[in-house]
1. Counting only residues 5 or more places away or on other chains, whose amide H sits under 5 Å from the amide H of GLU67 once H atoms are built in the peptide plane?
2. Charges at C-beta only: +1 for Lys and Arg, -1 for Asp and Glu. How large is the resulting dipole of region 1-157 about its Cα centre, in Debye rounded to 20?
3. Can you list which of the chymotrypsin sites (Phe, Trp or Tyr not before Pro) found in region 50-135 are DSSP loop residues with at most 10 other C-beta atoms within 10 Å?
4. Stretched out fully, how many nm does the piece from ASP230 to ASP13 gain, at 0.36 nm a residue minus the Cα gap?
5. Nearest 0.05, what FRET efficiency do ARG254 and ALA34 give at R0 = 35 Å with Cβ-Cβ as r?
6. Pull out a ≥ b ≥ c, the square roots of the eigenvalues of the alpha-carbon gyration tensor of region 160-262, then state rounded if a/c is under 1.5, prolate if not and a/b is larger than b/c, and oblate in the remaining case.
7. Let's test the formula: R0 of 35 Å, r as the Cβ-Cβ distance of ARG223 and ALA125. What FRET efficiency results, to the nearest 0.05?
8. Jot down the per residue volume, in cubic angstrom and as a whole number, of the convex hull over the alpha-carbon atoms of the chain.
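Please treat every number below as a calculation from the coordinates, not as lab data. Computed from a prediction, not measured in an experiment: that's the story for all the values here. FYI the Cβ positions are ideal-geometry reconstructions off the backbone, even for glycines, and counts take in every protein chain you see.
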Amino acid sequence: MAGDAGKTIVMLDAHTVLIRRLRLVSDIEAEDEAVLSSLPVTMREVAAGTDIVSEGETVRQCCILVEGFTYRYRHTFEGKRQIIAFHVPGDIPDLHSLHINRMDHSFAATTRCRIGFVSHEAVWAACMERPRIAAALWLETLIDGSIFREWIVGLGRLSGASRTAHLLCELAMRLRAVGLAPDNVYRLPLTQNELADALGLTVVTVNRVLRDFRVDGLIDRDRSRLMIKDWPALARVGEFDPKYLHLRVPVDMRADLRAPGG
């Protein structure tokens, strides 16, 4: 991954990002980490705009997002797309496929991604060997459901501006939790079409809302780089309360938490 001049970019592997993610939400032990570190992972690079798994496909492996940005989506009969989730490094977007292996939605790369693939058989073996791993992965699926519920409330009851602010806050906190949003600056590689399809808004409305946020001094956006300039104000607009993310350690959105080396 290319970085700015003078910066050292650490390429993390699938095992490291998975363990880092599970530590955020669960109390796993050294023995659990050892088993997770031994999972047989096949790495693959996926081009932007590519379906990683398509609706109707039978899945026999789980994906660990190591680098990049992905989303889940469905189409209506008329071909209109609804984005139903975004995923950041460390997430296992298709963990539910352990039990429901025929996909009822699609899962795509927004940017070029590095993804680790682990067979269901290997994941099941780890769960049987270490019950804490099974509990941690179960908790991951429950948190996924919690995020879905939060999105449903937003789509049904919040204004366009509040929905947009809420999403920007959510992504900032999730990325900061894994060391990818120092100083509340993060990469948001989403087009206004993708934002509109996630927020249930028109592209015109998304453009206006983002412009208003910039004018009001809440954010600054330069292509895919987004800076939250006034976190308390943006969180108020979005009615953002992070408890639904169920992070074990609260993420301080005011302090500088620079990306760790591993």
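1. HN-HN under 5 Å from GLU67: ARG114.
2. Charge dipole, region 1-157, about its Cα centre: 460 debye, nearest 20.
3. Of the chymotrypsin sites (Phe, Trp or Tyr not before Pro), the ones in loops of region 50-135 whose Cβ has at most 10 other Cβ atoms within 10 Å are PHE77.
4. 74.8 nm
5. Given R0 = 35 Å and the Cβ-Cβ separation, E is 0.45.
6. Verdict is prolate for region 160-262.
7. My answer for the efficiency is 0.20.
8. Roughly 127 Å³ of hull volume per residue.
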